[in-house]
Amino acid sequence: MKFYFLSSLPCLMTVNGAYFGRTDTFPRHADVCAKDEVFVEFHPENALPVGFFLTEKLRFDPPEKCEVYLLPDGIALYVKDFTPCDFSLKVLLQEKRRDVTVTVYRQGGLQVCVEGEKETFVKDLPPSFSPNALQEAGNFFLLSSKEAFCLIDKQAETRLYERYETFLLENGLLRALLPLQDKNGSKAKCVWDLSKADCPKVEFTLLQPKEQAENTLLAYAFFESVLLGCDYLPFLAEPLQKEAEKIKDFLGDFTEVVPCDEADACLLVYPKKERLYQVKRFRILTEAGKITDIQG
């Protein structure tokens, strides 16, 4: 069986105690027989290692501190939660805005504290995030580093976390240019409306690199539009437009779109239970720049 290995922090990975290689957010893979029950261990810097056996049980029971993705060609293991070695208090950022004080600190994990006149809220932030700036954004606060931003509400709940190239707060809107997860270096312009309690994404525009062939982002744009509830009729050829209402039911309740190496296909992610996800591959057929069929 093919296993893919990822980790939220850079790690040295061992298999049955022997050095295997380095892991991070870029997937590495190996063919391993689940019946052999080999033991893998992820060793990050300044945190305790995470280890577990590779068995068929992973399909139903994710190991602690790990997310499991059931892929068409194997299993992806993403180790996300590492226990730090250092529990000393280190304040990274602290600012007071009106009657609220926002503090970002490390004490084991990365946390944010939002302290008001009557209530105080403390929540976890992504461990690899190192914010150095804070901006007030309506009823939210925007924490940012050079590579990522995190939008939190006044109860310290994370509403958005994205890696970015540029972003701008303007008239109650958050505009950002985001790098996508494909090998072609594609990007997307996104706009969120911060005047609403759920800060919905109101615009999503894919940018196609000049060196790419025309319509290579058609599949990703279509599936992302379905996910966001945007109008996807313009992507469809006229005969398929008559079946447009059935498309959402056919695709199901997916929560993420991941580009494939093939331009005409994408992976859709479906939650099964806590930390366990099913990943399905869907392919589009096109004619004259319009989608004529969707195959699962």
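Quick notes on this structure:
- Gln135 vs. criteria open to solvent by 40 Å² or more (accessible area, probe 1.4 Å) and within 22 Å of Pro44 (Cβ to Cβ): no
- Within region 143-183, the set of residues being part of a strand (DSSP E or B), open to solvent by less than 50 Å² (accessible area, probe 1.4 Å) and closer than 20 Å to Tyr105 by Cβ comprises Leu143, Ser144, Ala148, Phe149, Cys150, Leu151, Ile152, Asp153.
- For Pro10, the conditions (1) over 20 Å from Phe129 (Cα atoms); (2) surrounded by fewer than 19 Cβ atoms within 10 Å (Cβ to Cβ) are fulfilled apart from (1).
- Across region 74-98, the number of residues qualifying as modelled with pLDDT of 90 or more and of a type outside the set (Lys, Arg) comes to 12.
- Residue check for Lys196: basic (Lys, Arg) and either open to solvent by less than 20 Å² (accessible area, probe 1.4 Å) or farther than 22 Å from Pro27 by Cα (or both): yes
Rundown of residues vs (1) open to solvent by less than 10 Å² (accessible area, probe 1.4 Å); (2) in a strand (DSSP E or B); (3) touching a residue at least 60 places away in the same chain (Cβ under 8 Å); (4) more than 17 Å from Cys199 (Cβ to Cβ), yes/no style:
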site: Ser88; (1), (2), (3), (4): no, no, no, yes
site: Gln94; (1), (2), (3), (4): no, yes, no, yes
site: Val114; (1), (2), (3), (4): yes, yes, no, no
site: Val122; (1), (2), (3), (4): no, yes, no, yes
site: Ser128; (1), (2), (3), (4): no, no, yes, yes
site: Pro131; (1), (2), (3), (4): yes, no, no, yes
site: Phe141; (1), (2), (3), (4): yes, yes, no, no
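- Scope region 13-68; condition at negative phi, open to solvent by 80 Å² or more (accessible area, probe 1.4 Å), charged (D, E, K, R) and assigned to a loop (DSSP other than H, G, I, E, B); matching residues: Glu45, Glu64
- Count of region 256-272 residues, restricted to those that are at pLDDT below 95, of a type outside the set (A, V, I, L, M, F, W, C) and outside any loop (DSSP other than H, G, I, E, B), is 2.
- Meets criteria (open to solvent by less than 60 Å² (accessible area, probe 1.4 Å), under 14 Å from Ser186 (Cα atoms) and out of contact with any Leu (no Cβ under 9 Å at 6 or more places or on another chain)) for Ala265: no
- Hits in region 96-112 (condition: surrounded by 16 or more Cβ atoms within 10 Å (Cβ to Cβ) and of a type in the set (D, E, K, R)): Arg106
- The one condition in (1) of a type outside the set (Phe, Trp, Tyr); (2) open to solvent by less than 70 Å² (accessible area, probe 1.4 Å); (3) in a strand (DSSP E or B) that Leu240 fails to fulfil: (3)
- One residue from Asp253, Asp293 being of a type in the set (Asp, Glu), part of a strand (DSSP E or B) and either in contact (Cβ under 8 Å) with a residue 40 or more places away in the chain or within 25 Å of Tyr69 (Cβ to Cβ) (or both): Asp293
The values are calculated or read from the model by the stated rules, or taken from the named source; none is laboratory data. Predicted, not measured: the structure shown is a model, and the values here were computed from it. No Cβ is skipped: glycine too gets one built from the backbone with ideal geometry, and neighbour counts run over all protein chains shown. Accessible surface is based on the protein model in full, side chains and every heavy atom, while ligands, DNA and RNA are left aside. Shrake-Rupley method; radii C 1.70, N 1.55, O 1.52, S 1.80 Å.
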